[in-house]
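Trainee: Structure in structure tokens, see below.
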Amino acid sequence: DIKAERLVQAEEMLERMPNEEKEFGKWFIQQLKNIKHISVDEKVHDGQMILNNECQIVATPGHTSGHISLYFPNLDC
């Protein structure tokens, strides 16, 4: 099995974490391990509209490659 990029990062960070934070780090790693893997059905790109043009894909690079946000311009939130 190939580990998720975020899990690898968390495991590497645990080694450098102060002792008083390691318990949280271990808990966080377990949460990441509990995430169920799903297959990609469709690749999306920045600016693409999906869900009958109700939702826009916004590229939001972050902790791992491929981060996106979903923007629903017609929602009154």
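Trainee: If I stretch the segment between N34 and E20 completely, what's the gain in nm (0.36 nm per residue apart, minus their alpha carbon distance), one decimal?
Mentor: Here the segment from N34 to E20 would lengthen by 2.7 nm.
Trainee: When the Karplus curve 6.51 cos²θ - 1.76 cosθ + 1.60 is applied with θ = phi - 60°, which whole-Hz ³J(HN,Hα) does each residue of the stretch 36-53 get, with x for Gly and Pro?
Mentor: 6, 6, 10, 7, 7, 8, 8, 8, 10, 9, 3, x, 5, 9, 10, 6, 6, 6
Trainee: Now for a different question. What do you get for the angle between helix 22-34 and the principal long axis of the chain? Use alpha-carbon atoms, 0 to 90 degrees, nearest ten.
Mentor: Between helix and principal axis, roughly 50 degrees.
Trainee: In addition: Would you calculate a helix-derived [θ] at 222 nm for the chain, using -39,500 (n - 2.57) for each DSSP H run of n ≥ 4 and dividing by the full residue count, to the nearest 500? Present the calculation step by step, with values, prior to reporting the outcome.
Mentor: Working: 2 runs with 25 residues, N = 77.
About -10000 deg cm²/dmol.
Trainee: Give the long-range amide H neighbours of I68: residues separated by 5 or more places, or on another chain, with amide H under 5 Å away, using H modelled in the peptide plane at 1.01 Å from N.
Mentor: Residues meeting the amide H criterion: T60.
Trainee: Next question. Please give the helix 5-16 orientation as an angle from the longest Cα principal axis of the chain, in degrees from 0 to 90, rounded to the nearest 10.
Mentor: Computed tilt is about 30 degrees.
Trainee: Could you work out the Rg to Rh ratio of the chain, with Rh taken as the Kirkwood radius (inverse of the mean 1/r over all Cα pairs)?
Mentor: 1.10
Trainee: Starting at the first residue of the stretch 70-77, write each ³J(HN,Hα) from the Karplus equation 6.51 cos²θ - 1.76 cosθ + 1.60 with θ = phi - 60°, in whole Hz, x for Gly and Pro.
Mentor: Going residue by residue, I get 10, 10, 10, x, 8, 7, 9, 10 Hz, with x marking Gly and Pro.
Each reported figure results from applying straightforward, stated rules to the coordinates on display, with no laboratory input. Bear in mind that the values here come from a model prediction, so they are computed numbers and not experimental data.
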